[in-house]
1. Quick one: count up the residues across the stretch 138-171 that are open to solvent by 40 Å² or more (accessible area, probe 1.4 Å), touching a Leu at 6+ places or on another chain (Cβ under 8 Å) and under 16 Å from ALA111 (Cα atoms).
2. Across the stretch 212-268, what is the number of residues that are in contact with a helix residue (DSSP H, G or I) (Cβ under 6 Å, 6 or more places away or on another chain) and exposed (fewer than 13 other Cβ atoms within 10 Å of the Cβ)?
3. Got a number for residues in the stretch 216-233 being part of a loop (DSSP other than H, G, I, E, B) and either aliphatic (A, V, I, L, M) or without any contact (Cβ under 8 Å) to a residue 24 or more places away in the chain (or both)?
4. Quick one: LEU117 ticks every box in (1) over 30 Å from THR276 (Cβ atoms); (2) of a type in the set (A, V, I, L, M, F, W, C); (3) in a helix (DSSP H, G or I); (4) out of contact with any Ser or Thr (no Cβ under 6 Å at 6 or more places or on another chain) except a single one, so which number is it?
5. Considering the stretch 177-215 alone, what residues qualify as being farther than 23 Å from LEU90 by Cβ, out of contact with any Ser or Thr (no Cβ under 6 Å at 6 or more places or on another chain) and part of a loop (DSSP other than H, G, I, E, B)?
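The values are calculated or read from the model by the stated rules, or taken from the named source; none is laboratory data. Computed from a prediction, not measured in an experiment: that's the story for all the values here. Glycine gets a Cβ as well: all are built from the backbone with ideal geometry, and neighbour counts include every protein chain shown. When the accessible area is computed, the model is the full protein with side chains, heavy atoms only, and any ligands, DNA or RNA have been set aside. Shrake-Rupley method; radii C 1.70, N 1.55, O 1.52, S 1.80 Å.
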Amino acid sequence: VLKGLGWRVHRVWSMDWWDNSGREIKRIVSKLKEAENPPKQKPVPEEGIPAVVPVAVQHTAIEQQVKLPAQRVEKKQVIVEAPLYAPAKLYRQSLNPDQFLHPGMIKAIQAKVSAVLAHEAPVSERLLTRRVLQSFGIARSGNRIQARMDEVCLRMMLKKTVHDGDTFYWRSDQKPEAYAGYRVSGTGAAKRDVKDVPVQETANAIYTVLYEQISMGRDDLLREAAKKLGYARLGGNVVSSMVSGVHYAEEQGGITLNDNGAYLLSPDGTARAEATMQTFQPTTETAKGL
């Protein structure tokens with residue numbers, strides 16, 4: 001992209017920098033001097049054509065060039081975007097709480113739990129319960145209903161993780177310690193409370209931010225990670241969840257804090273960021289310009 005805009009790019013590889021930073025600085029200075037004083041290239045005359053173009057001909061060429069109509073050029077750029085959080089669409093039926101608690105309903109509840117997991121895992125216990133109950137037309141979860149949901153999940157031997165007192169359920173094929181990707185909270189049905197975001201997703205958003213920005217201070221990192229997850233405002237719950245994600249990323253060895261108070265990716269964090277971005281859906285954006 002930069003080269004297409006006319007930039008001259010000089011790469012400095014991290015291993016070369018660590019090996020001999022002084023040598024790399026000299027190379028940078030040399031490239032800057034070349035940019036300030038580019039070598040003059042003499043025109044090579046073709047056979048039968050004078051090397052020096054008369055001034056009158058130059059003016060004519062410039063005038064003709066200016067008068068040419070501008071043509072619109074379409075450029076297609078492939079970009080990747082994190083997916084929106086999308087709720088599972090369950091078959092709806094109307095039950096009262098007593099009917100829901102009937103032993104004969106256990107298999108029907110298990111089927112809906114499986115459907116939510118297939119579409120939304122990792123999903124918080126709170127959100128899983130809400131999805132299932134809403135599909136049965138039940139607005140609120142009392143102690144007895146929550147106990148039945150806990151019983152169903154226990155019978156199904158679901159994979160789960162607990163972080164800061166919140167339980168999250170996973171599909172059997174998912175590995176929490178190697179989970180890649182995150183989903184963006186949207187509006188309406190696609191809106192997800194920040195407390196329903198597993199810490200693994202928050203950490204993956206943090207890895208992605210640092211992959212793009214290289215290093216960031218704590219406050220900037222919290223804000224940008226929240227934006228990645230779809231939270232533009234840093235309320236108390238959002239800040240708390242982002243801080244928890246930073247601590248988790250540190251514990252996993254994905255990020256480190258340097259002497260200047262800035263967070264950096266470790267090699268493992270870099271791999272996590274790349275794996276996360278590979279889960280995104282590519283889209284094509286067409287840009288029109290002169």
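1. 1
2. Going through the stretch 212-268 one residue at a time, the tally reaches 2.
3. Keep residues of the stretch 216-233 that are part of a loop (DSSP other than H, G, I, E, B), which gives 229-233.
Those left that are additionally either aliphatic (A, V, I, L, M) or without any contact (Cβ under 8 Å) to a residue 24 or more places away in the chain (or both): 229, 232-233.
Summing the residues that are part of a loop (DSSP other than H, G, I, E, B) and either aliphatic (A, V, I, L, M) or without any contact (Cβ under 8 Å) to a residue 24 or more places away in the chain (or both) in the stretch 216-233 gives 3.
4. Failing condition for LEU117: (1).
5. TYR179, TYR182, ILE214
Here is a yes/no grid of residues against (1) open to solvent by 70 Å² or more (accessible area, probe 1.4 Å); (2) touching a residue at least 12 places away in the same chain (Cβ under 8 Å):
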position: LEU95; (1), (2): no, yes
position: ILE106; (1), (2): no, yes
position: ALA111; (1), (2): no, no
position: VAL116; (1), (2): no, yes
position: ARG130; (1), (2): yes, no
